[in-house]
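In what follows, a single structure is set out as structure tokens and then discussed.
Derivation of every value follows stated rules applied to the coordinates shown; laboratory data play no part. Just so it is clear, the model here is predicted, and its values are computed rather than measured. We place every Cβ from the backbone using ideal geometry, glycine too, and count neighbours over all the protein chains shown.
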Amino acid sequence: MNILVTGATGFIGRYLVAQLTARQHQVIALMRRPEGIDDFRRQIEGLGGNGLSLSALQGDLDQPDLGLEHAPESLDAVVHLGARFAWKLPTEAARQTNVEGALAVARLAHKAGARLVMISGFMLENAAHLQSLGIDPEHPETVDWPAVYRQTGAYEASKLEGALRVRQWADSMGLDWIEVQPATVSGHSQTGALESAQPLYQLMDNLAHGRLTMIPGTSAHQLPLVPVDLLAGLIVAACEAQTVPRRLLALDAETPNLNGVIGQLANGLGRKPPRRHMPIRVLQGLLRIPGVSALMKTAPESLQFIQTRTFSSDQTREFARSNGVAWPSVMQSLRQTAQAYRHL
Ligand SMILES: NC(=O)c1ccc[n+]([C@@H]2O[C@H](COP(=O)([O-])OP(=O)(O)OC[C@H]3O[C@@H](n4cnc5c(N)ncnc54)[C@H](OP(=O)(O)O)[C@@H]3O)[C@@H](O)[C@H]2O)c1
């Protein structure tokens, strides 16, 4: 297949491109800096992919029509992973990249006659959360988005808005599309590799440096995870499968509660896990005191992914099974992630 990938150079993107090229697909990476393609090819080879099946197309999610002079005309799939992924983003910048950019990618998929594989996030399946934000997923045009941006922070709000607007547009155009909704990404189940900018890495770093002395929330609080190699495998299958569901939740329901995740990481790091809990609201309040967030290296925005809603991964497991996607254990991914951190 000919597959265009945005965000190919990112953490998830690299594992995806390695898997796609190893499976003989031709990958075109939309890159802001295509001059980095040789380095990128070497990285992909290092991850078991085939650098010769990879080419670059200069483009930018922030430019009108992605800044493309000539869009590829014949593609089988377009995977949209590219995003501004950070806390404390300015609203307009987040909207430009994560909403307008996502719509431009959907238009590109339509023009090229390709399936759109749109990467959103697992919070889109948390109906109570959406309702508490005043979001009707069927009618994004009725949502008071400025209020949502104020409440959740610009990253999460722009991901929600981007996904819902793309869904609406893709349906109106009769596009072949699927939305893959990842939970927080954990390290590769074999190597434990996880980048320092990833949210789970930041949690682990806080644990290793003694900054995480209490567990946020209660024993009912969860931070669902998906190992990066499992997520990449699910996205590959979303490109290849004859028929796909509209939405695919990419998480492992076997992820222990937050207590258990922290305990597993602490074990791997050779540290004593914290035992006492701190209510999320109290922690959020503390983090809003000037200087505290920087000192604790924790952004208030990151806490919203810790919640009490539980999810099932039965449908995703069935999709993985019927498409031959290996399902590595999330506990092994956590063990390897902590090991890899320790040996840095
Ligand atoms: N990691 C998680 O836990 C998680 C969980 C749920 C959903 N997601 C979603 O998964 C996707 C990928 O996440 P990730 O962790 O791999 O992120 P990442 O490592 O931060 O990668 C982001 C990618 O987006 C590209 N990008 C950013 N701005 C761009 C622009 N203006 N034009 C073109 N490309 C641009 C970056 O390219 P450069 O190399 O040019 O910077 C990079 O390739 C995102 O959509 C994120 O919202 C991630």
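Charge tally around D39: other residues with Cβ under 13 Å, Lys/Arg +1 each, Asp/Glu -1 each, net +1. By the helix-only formula, in which each DSSP H run with n ≥ 4 contributes -39500 (n - 2.57) and the sum is divided by residues, the chain has a 222 nm mean residue ellipticity of -12000 deg cm²/dmol.
Residues of region 235-253 with backbone nitrogen within less than 12 Å of a virtual label 7 Å along the Cα-to-Cβ line of R309, please, listed as ranges. Label zone hits: none. Among beta bridges from DSSP that stay inside region 1-124, the antiparallel ones total about 0%.
Within 12 Å, Cβ to Cβ, of V17, how many net charges do the neighbouring residues add up to if Lys/Arg are +1 and Asp/Glu are -1?
+2
Working from Cα pairs under 8 Å separated by at least six residues, relative contact order for the chain is 17 percent. When DSSP beta bridges are restricted to pairs lying wholly in the chain, around 5% turn out antiparallel. Each part gets one Cα centre, and for region 279-293 versus region 210-271 those centres are 24 Å apart. Two numbers describe the Cα atoms of region 1-132: Rg and Dmax, which are 15.1, 48 Å. For region 270-318, the calculated P(r), taken from all Cα-Cα distances in 10 Å bins from zero up to the bin holding the longest distance, is 19, 37, 26, 15, 2 percent.
Compared with the dominant principal axis of the Cα atoms in the chain, helix 228-240 is inclined by about 30°. Relative to the longest principal axis of the Cα atoms of the chain, the long axis of helix 154-173 lies at roughly 30 degrees. Remark on region 152-213: Rg and Dmax equal 17.0, 52 Å (Cα only).
On the principal axes of its alpha-carbon atoms, region 67-226 has extents of 52, 39, 27 Å, going from largest to smallest.
Eigen-decomposition of the gyration tensor built on the alpha-carbon atoms of region 190-344 gives equivalent ellipsoid semi-axes of 30, 18, 14 angstrom, largest listed first. Here the ratio of the Cα radius of gyration of region 167-282 to 2.2 N^0.38 Å is 1.30. Close lysine pairs were tallied over the chain: pairs 8 or more places apart or on different chains with Cα atoms under 24 Å apart number 5. Between Q24 and S322, the C-beta separation translates, for a Förster distance of 25 Å, into a calculated FRET efficiency of about 0.75. Take the Cβ atoms of K88 and Q339, set R0 to 25 Å, and the FRET efficiency comes out at 0.20. Excluding the site residues themselves, the longest part of the chain lacking any GluC sites (Glu not before Pro) in a DSSP loop with at most 16 other Cβ atoms within 10 Å is 255-344. Estimated translational diffusion coefficient (Stokes-Einstein, Kirkwood radius over Cα pairs, 37 °C, 0.692 mPa s) of the chain: 160 µm² per second. Counted by Cβ distance under 10 Å from H209, the other residues give a net charge of +2, where Lys and Arg count +1 and Asp and Glu count -1.
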